Amino acid sequence: MTKTVNILGATGSIGRSALDVLSRHRGEWRVRAIASGSRVRELAEAAAACGAEAAAVADPALKDALAAELRARGLATEALAGPEALCSIAGDRGADAVVLAASGAAGLPQAFAAARAGRRMLLANKESVVCGGALLQSEIRRHGASVFPVDSEHSAIFQCLAAATPGQRASAVIWLTCSGGPFRTRRDLSGVTIEEASTHPRWKMGRKITVDSATLMNKGLEVIEARWLFDIPAERIRVVVHPESVIHSAVAYCDGAVMAELGVPDMRTPVAVALAWPQRIESGAQPLDFLHLKPLTFEAPDTQRFPLLAMAYEALSEGGGAPIVLNAANEVAVEAFLGGRIPFLSIAEVCRRTLDQVHFGSPDSPEEILEDDRRAREAARGLIDSSLR
Ligand code: NAD
Ligand code: MG
């Protein structure tokens, strides 16, 4: 029987990878609803290509524009708009799976909606895992939802842990690999331009995550993401720089055995794993040819030049709302950097000062998380404004 899937963030880098994989399996999968933040033309084009029954845009003011784009293509696709519409697509019980691929903490309400509806969650939006913390995980368990990570490292860890018993997991060590980003070998980061920070040596991704990869904040977010997704404490999560990005991450067991997942860097692989698990389906990714592999290299991350990685560990150990504060400060700082308002090195500086200034206890509800997120953003913006004065 055909299965159905909804996609949030359908016009983004992950959303397009998901649509590409699904287009290879039209007999087995049908796209039911797609959503994006604002890009109505691209959303309508995606609806035309995948035949979605409904399309939704986060910005309510764009509903008519979306409807017009759909009509212009002769589509019967229903046009929806607003955050509630996106949450109902995330929690749609008529869909067999939902791809959560919005960018940033904006994806948090959608992740909670999917969890509470007990969905099969193909989870790319790492910020929702970072901010949702223990609360999101408990909602996932309580409502019988399941999570299949769509982050190359976490997909690798998921596969490496798949056969582990609870006893084996209890002492397992996660090795999270990290490409090192575009500035791995650059000594002085003070003059980094927007253009330089927006280009990744291995992966083609959205703007925000590309800058996060340049500051290593992306790896910091991934450490926090791994802590929650796999219920493994930070002490057993280690980061190793591996510039070739062939080993997507590994799990070391107490007997010395290390399981790793390897492949050509292509996000369609984790998408396909998440869609089909425990089966496997073709993704369109090139096969890995060991006979033509360049040497694989490894080094320790430099937390002097990239303090955000250490700050993520610090936020995890502080607990409470600290990961929410760090994530919010980072989102505000990256936006300011991309807008040409602060230099590259100020991203970490803004995060450091916001983390020192703002403290919250553990949130009890998604609403409280959003409120903490809002207040932390306000503080980060205040710091940026006063530094510009
Ligand atoms: P992107 O910027 O390319 O796309 C973001 C998508 O989210 C767009 O479709 C945009 O319209 C949509 N969007 C914006 N606001 C929204 C909202 N409020 N509700 C719903 N959708 C909204 O970003 P991306 O690179 O595809 O990354 C998406 C997520 O996946 C991020 O959390 C990122 O960290 C994670 N991720 C991405 C990659 C990658 O290779 N791109 C790898 C691992 C994890
Ligand atoms: Mg990743």
- So which residues in the range 171-186 are crowded, with 21+ Cβ neighbours inside 10 Å and part of a strand (DSSP E or B)? Ile174, Trp175, Leu176, Thr177, Cys178
- Return yes when Thr185 is among the β-branched types (Val, Ile, Thr), modelled with pLDDT under 95 and in the same structural domain as Ile247 (by TED's automatic domain parsing) and no when it is not. no
- Looking only at the range 111-127, decide whether some residue is over 17 Å from the mean Cα position of the chain (by Cα), within 16 Å of ligand 2 (Cβ to nearest atom), within 22 Å of Phe230 (Cα to Cα) and modelled with pLDDT of 95 or more. no
- Subset of the range 160-180 [small (Gly, Ala, Ser) and either within 15 Å of ligand 2 (Cβ to nearest atom) or over 27 Å from Thr269 (Cβ atoms) (or both)]: Gly167, Ala170, Ser171, Ser179, Gly180
- Message: Can you tell me how many residues within the range 199-214 are in contact (Cβ under 8 Å) with a residue 40 or more places away in the chain and not basic (Lys, Arg)?
- Response: 8
- Task: Tell me which of these Ser179 doesn't satisfy, since it passes every other one: (1) more than 16 Å from ligand 1 (Cβ to nearest atom); (2) out of contact with any strand residue (DSSP E or B) (no Cβ under 6 Å at 6 or more places or on another chain).
- Result: (1)
- Pull up the range 93-113, narrow it to residues that are closer than 15 Å to Ile14 by Cβ and more than 10 Å from ligand 1 (Cβ to nearest atom), then point me to the one that is surrounded by the most Cβ atoms within 10 Å (Cβ to Cβ). Ala111
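Answer yes or no as to whether Leu19 is under 18 Å from the mean Cα position of the chain (by Cα) and assigned to a helix (DSSP H, G or I). Step through it out loud before you land on a result.
Numbers: under 18 Å from the mean Cα position of the chain (by Cα): yes; assigned to a helix (DSSP H, G or I): yes.
The answer is yes for Leu19.
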- State whether one or more residues within the range 208-217 are at pLDDT 95 or above, away from ligand 1 (no atom under 15 Å from the Cβ) and not assigned by TED's automatic domain parsing to the domain that holds Ala106. no
- Query: So which of Ala105, Ala67, Ala95 ends up being more than 16 Å from ligand 2 (Cβ to nearest atom) and free of Cβ contacts under 8 Å to residues at least 24 places away in the same chain?
  - Reply: Ala67
- Query: Residues Ser146, Ser171, Ser152, Ser190: which one is small (Gly, Ala, Ser) and within 13 Å of ligand 1 (Cβ to nearest atom)?
  - Reply: Ser152
- Select from the range 260-284 the residues that are among the charged types (D, E, K, R) and closer than 24 Å to Thr165 by Cβ and write down the one among them that is farthest from the chain's Cα centre (by Cα). Arg280
- Query: Can you name the residue in the range 212-259 that is over 19 Å from the mean Cα position of the chain (by Cα) and in a helix (DSSP H, G or I) and is also surrounded by the most Cβ atoms within 10 Å (Cβ to Cβ) among such residues?
  - Reply: Arg236
- So how many residues does the range 154-170 have that are surrounded by 12 or more Cβ atoms within 10 Å (Cβ to Cβ) and in a helix (DSSP H, G or I)? 10
- Task: Taking only the range 29-55 into account, find how many residues are away from ligand 1 (no atom under 12 Å from the Cβ) and assigned to a loop (DSSP other than H, G, I, E, B).
- Result: 3
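Results for (1) within 20 Å of Ala250 (Cβ to Cβ); (2) within 16 Å of ligand 2 (Cβ to nearest atom), shown as yes or no for each residue.
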{"residue": "Cys131", "(1), (2)": "no, no"}
{"residue": "Arg141", "(1), (2)": "no, no"}
{"residue": "Asp151", "(1), (2)": "yes, yes"}
{"residue": "Phe158", "(1), (2)": "yes, yes"}
{"residue": "Pro182", "(1), (2)": "no, yes"}
{"residue": "Ile194", "(1), (2)": "no, no"}
{"residue": "Arg207", "(1), (2)": "no, yes"}
{"residue": "Ala214", "(1), (2)": "no, yes"}
- Message: Tell me the residue from Ala90, Ala72 that is over 16 Å from Leu19 (Cβ atoms) and within 14 Å of ligand 1 (Cβ to nearest atom), please.
- Response: Ala90
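Where in the range 56-127 are there strands (runs of 3 or more DSSP E), lying wholly inside it, with at least 1 residues that are within 13 Å of Arg32 (Cα to Cα)?
Working: elements: 78-81, 97-100, 120-123.
Qualifying strands (runs of 3 or more DSSP E): 78-81, 97-100.
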- Task: Identify, from the list Gly144, Gly133, the residue that is part of a helix (DSSP H, G or I) and either closer than 24 Å to Val334 by Cβ or touching a residue at least 12 places away in the same chain (Cβ under 8 Å) (or both).
- Result: Gly133
- Message: So in the range 13-56, with the set limited to residues that are crowded, with 24+ Cβ neighbours inside 10 Å and not hydrophobic (A, V, I, L, M, F, W, C), which one is nearest to ligand 2 (Cβ to nearest atom)?
- Response: Ser17
- When you go through Leu296, Leu309 one by one, which is the residue that is surrounded by 21 or more Cβ atoms within 10 Å (Cβ to Cβ), touching a strand residue (DSSP E or B) at 6+ places or on another chain (Cβ under 9 Å) and of a type in the set (A, V, I, L, M)? Leu309
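The values are calculated or read from the model by the stated rules, or taken from the named source; none is laboratory data. Since the structure is predicted, the reported quantities are computational estimates derived from the model, not experimental observations. Neighbour counts run over all protein chains shown; Cβ positions are idealised from the backbone, glycine included.
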